[in-house]
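These notes concern the structure reproduced below.
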Amino acid sequence: MTTSERIEEFLLAVKTAFNTGTLLRLKLGGYHGSEPELKSVDVKKIVAKGVEKFSFTFHYKTRDIIKNQIQPEALATLRAGLKAEFRSAQLATTEFDLSFERNGDKVRLKRTEVEGREAAPTEHNRAKNRPLTQTDKPYLKALGIAGKDGTVRNDAQDKFRQINKMVEIFAPLIQGIKADAPRIVDMGAGKGYLDFALYDFLAGQGRPAEIVGVEMRPKLVEDGNATAAESGFTGLSFVPGTIMDYNAGGADAVIALHACDTATDDAIYKGIKAGAALIAVAPCCHKQIRREMEAGQADDRLGVLLRHGTFLERQAEMVTDTLRALLLELSGYRTKVFEFVSDAHTPKNNLIVAEKDGRAGRDRDTILRQIADTKAMFGIRQHYLETLLHSDAQTQQPGSP
Ligand SMILES: C[S@@+](CC[C@H](N)C(=O)[O-])C[C@H]1O[C@@H](n2cnc3c(N)ncnc32)[C@H](O)[C@@H]1O
């Protein structure tokens, strides 16, 4: 059999598994294409708005990118990848595993029958598998998500889906922390949607956490504490005040969702200063760096990219968060940036997840040079987080209290 015929045989198995609902996962490895930071690709089946698609997660060194494609497009992507870029692929179905190994022009397929595997859930049945299974809860009613009858209100379905999604993302991160009852500090907690849902879910898993929401609007703090008491959530509390005034010492995780502008930097700073094992922030409004870019002198070649206000805004977002990710790395955190909810819900949908890995950060000189180069390129004199860290000498002594 020729190489092409073997690739087609492998693709036929993928296509059949996709069409019969038996596809569990597909992994592509041994990448040797032109993208230097691409490591591997995971592929699964999803159903989005009633359309069955292949969902590709491209794992890069420091980030993941997800692309969804309908079947013909996806098979073409896989065909091209298997021909020239990936040396190996593993297909797992409910009935068999099929491995693909390419060595030069030679392709080897190995099939192993398996028993007792169940089909993967798709959007059709995902509702049943949401983390928050019971909706008749005081906090869901107080937050306006459930009605008096304890079912999710029609106009709150999206919000309910979003908080479930957040629990899906945050729960494993929290569960990965080595502490019996991790102390989580949510900076700029607002009404505490995530805090209530996460607390409820973790307690239900027998893996309780202590959660503190820091919020500068006293009325939200008062309401949050009343609802926590009504729910019997003794380990959940809200405290009034600003992020910078809060003593985060002893926090295992510091999170901040859509804390405005530099409040995100305050949260990251507090997390680094506390030596938190996990720092996770979803930034919003990147005004500080936008102002710097407007006032500064960017590299001439970037002028054309920054000419239109809307693109300047997006560049400011990317530059702000790129620098945040680098500063986290410099402080000893393994850092990833990815989209955590669909941009159909909110354009502020990037999540920076930083996990302390005990090392002083990868190659400090390289990171410092990357920070300096990025700032120079965009005409930035100072990044607020960098200034905070410098003023506290945190970049020299990462994690010290
Ligand atoms: C956009 S809301 C997000 C609320 C919540 N994290 C969520 O995602 O639902 C931002 C919240 O952060 C609070 N906030 C902003 N800056 C803050 C600061 N420096 N200290 C404390 N709270 C702050 C605001 O009062 C507001 O309630």
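A few notes on this one:
- Candidate set from the stretch 175-191 (those that are within 16 Å of the ligand (Cβ to nearest atom) and touching a Lys or Arg at 6+ places or on another chain (Cβ under 9 Å)); member that is farthest from Ala267 (Cα to Cα): Gly190
- Taking the stretch 137-146 as the range and being free of Cβ contacts under 8 Å to residues at least 60 places away in the same chain and buried (at least 16 other Cβ atoms within 10 Å of the Cβ) as the test, the residues that pass are Leu140, Lys141, Ile145, Ala146.
- The C-beta contact set for the stretch 382-393 (first residue farther than 14 Å from Arg324 by Cβ, second residue surrounded by 14 or more Cβ atoms within 10 Å (Cβ to Cβ), distance under 8 angstrom, 6+ apart or interchain) comprises Asp392/Tyr269; Asp392/Lys273.
- Note on the stretch 203-224: residues that are buried (at least 24 other Cβ atoms within 10 Å of the Cβ) and touching a residue at least 60 places away in the same chain (Cβ under 8 Å) amount to 0.
- For Ala189, the criteria (1) part of a helix (DSSP H, G or I); (2) touching a residue at least 12 places away in the same chain (Cβ under 8 Å) hold in every case but one, which is (1).
- Residue in the stretch 169-183 that is among the acidic types (Asp, Glu) and either closer than 17 Å to Lys137 by Cβ or modelled with pLDDT of 90 or more (or both) present: no
- Residue in the stretch 236-251 that is within 25 Å of the chain's Cα centre (by Cα) and more than 16 Å from the ligand (Cβ to nearest atom) present: yes
- Filtered residue count, the stretch 148-186, keeping only those that are closer than 27 Å to Ala274 by Cβ and assigned to a helix (DSSP H, G or I): 12
- In the stretch 203-215 there is no residue that is within 12 Å of the ligand (Cβ to nearest atom) and more than 25 Å from Leu143 (Cα to Cα).
- Hey, Val41 out of contact with any Leu (no Cβ under 6 Å at 6 or more places or on another chain) and β-branched (Val, Ile, Thr) or not: no
- Residue within the stretch 290-302 that is in a helix (DSSP H, G or I) and over 17 Å from Thr374 (Cα atoms) present: no
- The number of residues in the stretch 192-202 that are within 12 Å of the ligand (Cβ to nearest atom), under 13 Å from Thr227 (Cβ atoms) and either in contact (Cβ under 8 Å) with a residue 60 or more places away in the chain or out of contact with any helix residue (DSSP H, G or I) (no Cβ under 8 Å at 6 or more places or on another chain) (or both) comes to 1.
- Only one of the numbered conditions (1) surrounded by fewer than 23 Cβ atoms within 10 Å (Cβ to Cβ); (2) near the ligand (Cβ under 10 Å from one of its atoms); (3) farther than 29 Å from Ala146 by Cβ is violated by Thr264, and that is (1).
- Test: Ala316 is crowded, with 18+ Cβ neighbours inside 10 Å and either away from the ligand (no atom under 16 Å from the Cβ) or not assigned by TED's automatic domain parsing to the domain that holds Asp180 (or both): yes
The values are calculated or read from the model by the stated rules, or taken from the named source; none is laboratory data. As the structure is a prediction and not an experimental result, all values here were calculated from the model. Here Cβ is always computed from backbone atoms with ideal geometry, including for glycine, and neighbour counts include all displayed protein chains.
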